[in-house]
1. Show the residue pairs that are 6+ apart or on different chains and have beta-carbon atoms under 6 Å apart, the first residue being within segment 65-91 and more than 17 Å from ILE33 (Cβ to Cβ), the second being open to solvent by 70 Å² or more (accessible area, probe 1.4 Å).
2. Looking at segment 556-574, can you tell me whether even one residue there is under 27 Å from PRO303 (Cα atoms) and assigned to a loop (DSSP other than H, G, I, E, B)?
3. Among the candidates ARG579, ARG615, ARG592, ARG631, which residue alone is among the basic types (Lys, Arg) and part of a loop (DSSP other than H, G, I, E, B)?
4. State yes or no: is ARG706 of a type in the set (Lys, Arg), at pLDDT 95 or above and open to solvent by less than 50 Å² (accessible area, probe 1.4 Å)?
5. Restricting to segment 257-301, name every residue that is on the phi > 0 side of the Ramachandran plot and in a helix (DSSP H, G or I).
6. Return the pairs, sorted by first residue and then second, in which the second residue is among the hydrophobic types (A, V, I, L, M, F, W, C) and not in a helix (DSSP H, G or I), the first residue lies in segment 716-734 and is within 15 Å of LEU769 (Cβ to Cβ), the beta carbons are less than 7 Å apart, and the residues are 6+ apart or on different chains.
7. Return the pair list, or none, for Cβ contacts closer than 6 Å from residues in segment 535-560 that are under 17 Å from ILE691 (Cα atoms) to residues that are not in a loop (DSSP other than H, G, I, E, B) and not charged (D, E, K, R), at least 6 apart or on different chains.
8. Might you let me know whether segment 50-59 holds any residue that is of a type in the set (A, V, I, L, M, F, W, C), under 29 Å from GLU342 (Cβ atoms), surrounded by 15 or more Cβ atoms within 10 Å (Cβ to Cβ) and touching a His at 6+ places or on another chain (Cβ under 6 Å)?
Amino acid sequence: MKNSLSLWLAMACLCLPTFGQAPPESIDFEQHIRPLLAEHCYECHSEKSKPLQGGLRLDSPSMIMAGGDSGPSFVASKLDESLLIQAVRYKDPNTAMPPSGKLPDELIRKFELWVGAGATMPNSHQTAKIQHAIDIEAGRTHWSFLPAKLLPLDSIDPIKLQGSRAQRADNVIENRVDIPIVDKLDSMGLSPAPSADRRTLIRRLKIDLLGLLPSDEEVSTFVSDTSVDAYDRLIDQYLASPQYGERWARYWLDLVRYCDTMEEWADTIGPSYPYRDWVAQALNEDMPYDQFIHLQLAADQIPGAPAKDRAALGFLGLSPSYWKELQLPVEIIKSIVSDEVEERVHTVTSTFLGLNLACARCHDHKYDPLTNADYYAMAGVLSNTKPVDVALSEGVDAQQVVEARKSVKTYEAELQKLAKSEKEEDKAKVQELQKKIEQAKSIVGYDSLLTPGVKDARLEVRPADGGAHGSKIVFESDLKDAAIEIRGNPNKLGASVPRRFVSVLTQASVAEQRWSAGSGRYDLAQSITTQSQDLVARVIVNRVWKHHFGRGLVDTPSDFGRQGEAPTHPELLDDLSRRLIDQGWSLKWLHREILLSAAYRREIRLPSQTDPELRYLSAYPRRALDVEAWRDCMLQVTDGLNASVGGPAQDLGSSTNSRRTFYGLVRRREISDLLRLFDFPDPLTHSPARIVTTTPLQQLYVLNSRFMLERADALVGRLEREGIVEPEARIKALYRWLFQRDPTEREFAKLTSFVTDAPDPWQLVAQTLLASNEFYFWN
């Protein structure tokens, strides 16, 4: 008899997904590291250095990695072995840098955090070009700031487009999305791969749109449906499913650093999930993207917006809060508050505009036409915004409810102390407290749902009362513009900057406009979708494209500035962006347009030397499931998925939690083991892309975790519940459920031999198939 454990291990080694290295901590190279290099190092270590010192250039990621005459600049995650860290620490006078003097400790700490977290840099080989003075007019000529243009269809070969749904015999062009793609492939001498088979298409489409596998019956129906609109109808069917919103809302939550458990010192008490559910519902309803933006920034200020849409304010209300120890002096607390504002500026501008305005906090942006004044114009809006609980029911005063609940909590604590007292005066106090509780609970909406949002209020840091040591924080209703913090120091202020939009994105006719209606959040929202509508459309089109193809037309989804990558197909990006606006900002229209293309339907092929990363879409790239879809599909095929929609988050570590991973509990500062192991983004910061990793811990999880063992048992239980007893029938059923196909002769023979020789083999077979590459790589 064969050794069943040895066979299991051999099968596992062949089938286990090869999940790179653990994701880095939250420190951004462009925001925190490159500006330091530019200010302190480029004079001697850049393309323009004459002479170049030590053979070391620090003005591009590839040059930084290559190092200089002394060797590599750093060893990722190893501070003491990194020459860069040794230099800035000033331990050896012969190698200490910069030569002008040791950097402040807080700047050295940034380098240490960056290298310690793996020294992550953008995938860019271009050299940094420092701008010594910002020319706004010249800046407006950057490709992403120009008006988006439609494809010039009049000049296109008629064979390529005969109406909006043209087809060529070779299936190279299905709609106008394919035209610039095919032109690029032709210019590179590349032939596109043929269309994938229908089984592959339906699997790709359902996982892509819903994050779930099609059933064997669904696949059979689609494969046998020969009508010309079968694929179109399938797209519409999946886009109409509530599971579409769950799937695609998670991508949005990555950008806005969503979490269910905020900091214990946060000002709000309501749960976060109404924002999560609002995003999913908005996507399901195909809310126009411009309205989607407006509500997240200013739902409380938009005339006629229903109370339920105040949940959208969680975009700002769920911003990270940094601990402020009020025993510390005012100067330190002000710095912490300024860091919070910087984080909000970073998230707002990166998410909607694909630009990181936070890089201009201390000085004009080194590379993009974003001024120091632009930063404080935006900071003025967000520094006049306070996180508060908001009510989702009409006629409910959220702040009144919060105060009433706090009072009831205090009264109930006092009642508990008096509960066992027999003293007459205590009994009288009990009655009085009970009346106070009843009165507090009688206010309108006492039991209504509250959730984190924002309101207009200005935070001020002042010295503690009475000359005591420390600080105090107060919120004022009179709103003010933000003053420039000299070199980012909130204790050294310059002139105030009127609240307004980013200069380079503002049309000349409104250049002198300043926002004075409240904090300016509504003005900001409107400016984003009018003054910069073409840029905003390009950014969201690119994000959607990225999630359909694994990478965007622009490979830096939150950097559309000069340091970001240029688009591979600029005409396509422009055409889709312009038409998205013309289609009323409908994201479902955008999905359909992409999914109906021949490029999306191509089969998977190995990359060619001409297109080694498949950036030019000669074939469809092989992609792995993200952690949410991977867990959900395992629950689905084992008949364990609870499809209920909305509501409070549940702990993913609980064996009784069978809801979609979208509803799993996300703690801001301590995410679950499952999410942490499988590339879930840091909920402390804006995350434009997940860093795909492969680690031994992931493979150990697949082999030994309770969840995997439970799913394997559940899969065997499904066989038993459906009365499938014979080994041959069981093997075929498992392949049909997991892969929607029959096993090959080789697969069937190996598994038949194993289940015949091994005692009690089915749990091992089930776990092996669940852990297989085919289950993990889905398209």
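1. Partner pairs satisfying both residue conditions: TYR90/LYS102.
2. no
3. Result: ARG615 is the single residue among ARG579, ARG615, ARG592, ARG631 that is among the basic types (Lys, Arg) and part of a loop (DSSP other than H, G, I, E, B).
4. No; evaluated as a whole, the condition is false for this residue.
5. Within segment 257-301, none qualify.
6. Matching pairs, first to second residue: ARG730/ILE724; ALA733/ILE724.
7. HIS547/TYR251; HIS548/ILE594; GLY552/ASN542; GLY552/TRP545; VAL554/ASN542; PRO557/ASN542; SER558/SER350
8. Yes, the conditions are met somewhere in segment 50-59.
The values are calculated or read from the model by the stated rules, or taken from the named source; none is laboratory data. Here the structure is a predicted model, which is why all the values come from computation and not from measurement. Methodologically, a virtual Cβ is constructed for each residue, glycine included, from the backbone with ideal geometry; neighbour enumeration extends over all protein chains shown. Side chains included, ligands, DNA and RNA excluded: accessible areas come from the protein's heavy atoms. Shrake-Rupley method; radii C 1.70, N 1.55, O 1.52, S 1.80 Å.
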